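Colleague: Below is the structure I would like to discuss, written out as structure tokens.
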Amino acid sequence: ITGHSMGAALGVLIATQIANIQIQSFKPKITVITFGGPRIGNEAFSNSFNNLEFVRHWRITNGWDPITRIPPHGPKPLDYRHTGHHIWLSHDISSIDVP
């Protein structure tokens, strides 16, 4: 599953839905690759998503893209969090940071 900006947020949500579908013993392996996505859930959602056994998420951000900073991360009720493994590309793409 892939998406950019709002499509990135939707990609995470649909991956969550697919992962939670239980069809007998079938559990699909899901890879989510998103570009420039906003934060879409609170800490509980982020932790739950990141702990889904059959889902891996690569979240790619470019420089100082403002969309990746909304909604704000801060005191409740605005404590939105990102999901997945973060890959950060610098402005001039001279460096890539993969924690």
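The values are calculated or read from the model by the stated rules, or taken from the named source; none is laboratory data. Nothing here was measured: the structure is a model prediction, and the numbers come from that model. Counting neighbours? That spans all protein chains shown, and the Cβs are built from the backbone with ideal geometry, glycine included. Side chains included, ligands, DNA and RNA excluded: accessible areas come from the protein's heavy atoms. Shrake-Rupley method; radii C 1.70, N 1.55, O 1.52, S 1.80 Å.
Colleague: For region 34-48, indicate whether the set of residues that are touching a Ser or Thr at 6+ places or on another chain (Cβ under 6 Å) and surrounded by 15 or more Cβ atoms within 10 Å (Cβ to Cβ) is non-empty.
Modeller: Looking for residues that are touching a Ser or Thr at 6+ places or on another chain (Cβ under 6 Å) and surrounded by 15 or more Cβ atoms within 10 Å (Cβ to Cβ), one finds at least one in region 34-48, hence yes.
Colleague: Tell me which residues, restricted to region 1-12, are surrounded by 16 or more Cβ atoms within 10 Å (Cβ to Cβ) and either of a type in the set (A, V, I, L, M) or touching a Leu at 6+ places or on another chain (Cβ under 8 Å) (or both).
Modeller: Matches in region 1-12: I1, G3, A8, A9, V12.
Colleague: For region 49-78, give me each residue that is in a helix (DSSP H, G or I), open to solvent by 30 Å² or more (accessible area, probe 1.4 Å) and under 14 Å from T16 (Cα atoms).
Modeller: N50
Colleague: Considering only residues that are part of a helix (DSSP H, G or I) and more than 20 Å from P71 (Cα to Cα), which ones fall in region 17-47?
Modeller: Within region 17-47, Q17, I18, A19, N20 qualify.
Colleague: Within the group S90, S25, S94, which residue is open to solvent by less than 30 Å² (accessible area, probe 1.4 Å), out of contact with any strand residue (DSSP E or B) (no Cβ under 6 Å at 6 or more places or on another chain) and modelled with pLDDT under 95?
Modeller: The match here is S90.
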